[in-house]
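Take a look at the structure set out below.
Each value in this text was obtained by applying a stated rule to the coordinates, not by laboratory testing. Everything numeric here is computed off the predicted structure, so don't read it as measured data. Every residue, glycine among them, receives a Cβ derived from its backbone with ideal geometry; neighbour counts consider all protein chains shown.
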Amino acid sequence: MRQNVRHLESFYASRLGRAANNMVLRRLSTVWPDLTGRDVLGYGYCYPYVTPYLDSAKRVVLAMPGAMGAMAQRSSRGVMTCLTESISLPFEDAQFDNVLVAHGVEEANMLPELLQELWRVTRPEGRIIVIAANRSGLWARTDRSPFGAGRPFSRSQLKSALSDARFIPTLWSGALYIPPVKFLTGSTVLNVTETCGETVWPGFSGLVLVEAIKRLYAEPSGNAKEEIKRPIFAPKPVNQSHVE
């Protein structure tokens, strides 16, 4: 059963949830430092992560899966949430410049179809970030947070899923290197642990973040580049009129 929106809201209001939010925003702000004038879609439960962009983005829409439920989150433009089916998003093609997915893939029953829908509503050269529980991290192994529900992912699994949906993965990052316990959520401990984790054991973060881009053309592979470097020319045909 998918996480309920009220459970998620309660988690992010807790000390542990605020720590998770802060550490994700720490990484998210380095990848997407400015979304001024951009159309942004959040799929799953993304409100804690899109809050810093509400004043600068042109438009922010939060799409929440029907099984999760929805809450009427508001921005200066009014209610920005809608309840939707994961494989039939109520948006026209190429509507959004940036798409953020949080609490959206771990419990998705039809993940390939969901990612294909997100590809459809993303503009060419638009970018998507998927945040998911890391299968190698501690946060996927506890019931103290919603990241322990559903299926966790490795970096390679997320990248493969995005590639299958025709996105091109561009970078990977991690967040939440502390164990999911309240007494380690002080700002000093968090900052020291995150900095150390990013350099010493990057594969054991609690969460994995993968960014990908929507391209409408195929990038050349290494083999194609090698073929261009070493062209093979056919023999010059003989002009039969000069043969005696």
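Any chance segment 58-68 includes a residue that's more than 17 Å from ALA149 (Cα to Cα), in contact (Cβ under 8 Å) with a residue 60 or more places away in the chain, out of contact with any Gly (no Cβ under 8 Å at 6 or more places or on another chain) and not β-branched (Val, Ile, Thr)?
no
Could you look through segment 63-72, keep only residues that are of a type outside the set (A, V, I, L, M, F, W, C) and part of a loop (DSSP other than H, G, I, E, B), and pick out the one that is surrounded by the most Cβ atoms within 10 Å (Cβ to Cβ)? Spell out the reasoning first.
We begin by selecting, within segment 63-72, every residue of a type outside the set (A, V, I, L, M, F, W, C); these are 65-66, 69.
Pick out the ones that are also part of a loop (DSSP other than H, G, I, E, B) and you get 66, 69.
Details: GLY66: 11, GLY69: 16.
So, considering only residues that are of a type outside the set (A, V, I, L, M, F, W, C) and part of a loop (DSSP other than H, G, I, E, B), the one surrounded by the most Cβ atoms within 10 Å (Cβ to Cβ) is GLY69.
Do you know which of the residues in segment 161-190 that are touching a Ser or Thr at 6+ places or on another chain (Cβ under 9 Å) and hydroxyl-bearing (Ser, Thr, Tyr) is nearest to VAL130 (Cα to Cα)?
SER173
Of everything in segment 169-183, what is aromatic (Phe, Trp, Tyr) and either part of a strand (DSSP E or B) or surrounded by fewer than 22 Cβ atoms within 10 Å (Cβ to Cβ) (or both)? Give them in sequence order.
Pass one, segment 169-183, residues aromatic (Phe, Trp, Tyr): 172, 177, 183.
Once the filter is applied, which keeps residues that are aromatic (Phe, Trp, Tyr) and either part of a strand (DSSP E or B) or surrounded by fewer than 22 Cβ atoms within 10 Å (Cβ to Cβ) (or both), segment 169-183 yields TRP172, PHE183.
Enumerate the pairs (first residue in segment 191-211 and without any contact (Cβ under 8 Å) to a residue 24 or more places away in the chain; second residue anywhere and among the aliphatic types (A, V, I, L, M)) with beta-carbon separation below 8 Å, excluding pairs fewer than 6 apart on the same chain, so at least 6 apart or on different chains.
Correct list of pairs: THR193/ILE178; THR193/LEU184.
Give the residue that is nearest to PRO124 (Cα to Cα), with candidates limited to residues of segment 193-207 that are outside any helix (DSSP H, G or I) and within 20 Å of the chain's Cα centre (by Cα). Explain how you work it out, then say what you get.
From segment 193-207, those outside any helix (DSSP H, G or I) are 201, 205-207; that's our starting set.
From what is left, the residues that are within 20 Å of the chain's Cα centre (by Cα) are 205-207.
Numbers: SER205: 31, GLY206: 31, LEU207: 27 Å.
Once the filter is applied, the top-ranked residue is LEU207.
Residue by residue, here is whether (1) under 13 Å from the mean Cα position of the chain (by Cα); (2) over 25 Å from GLY66 (Cα atoms) holds:
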| site | (1), (2) |
| --- | --- |
| THR84 | no, no |
| VAL121 | no, no |
| LEU158 | yes, no |
| THR188 | no, yes |
| ASN191 | no, yes |
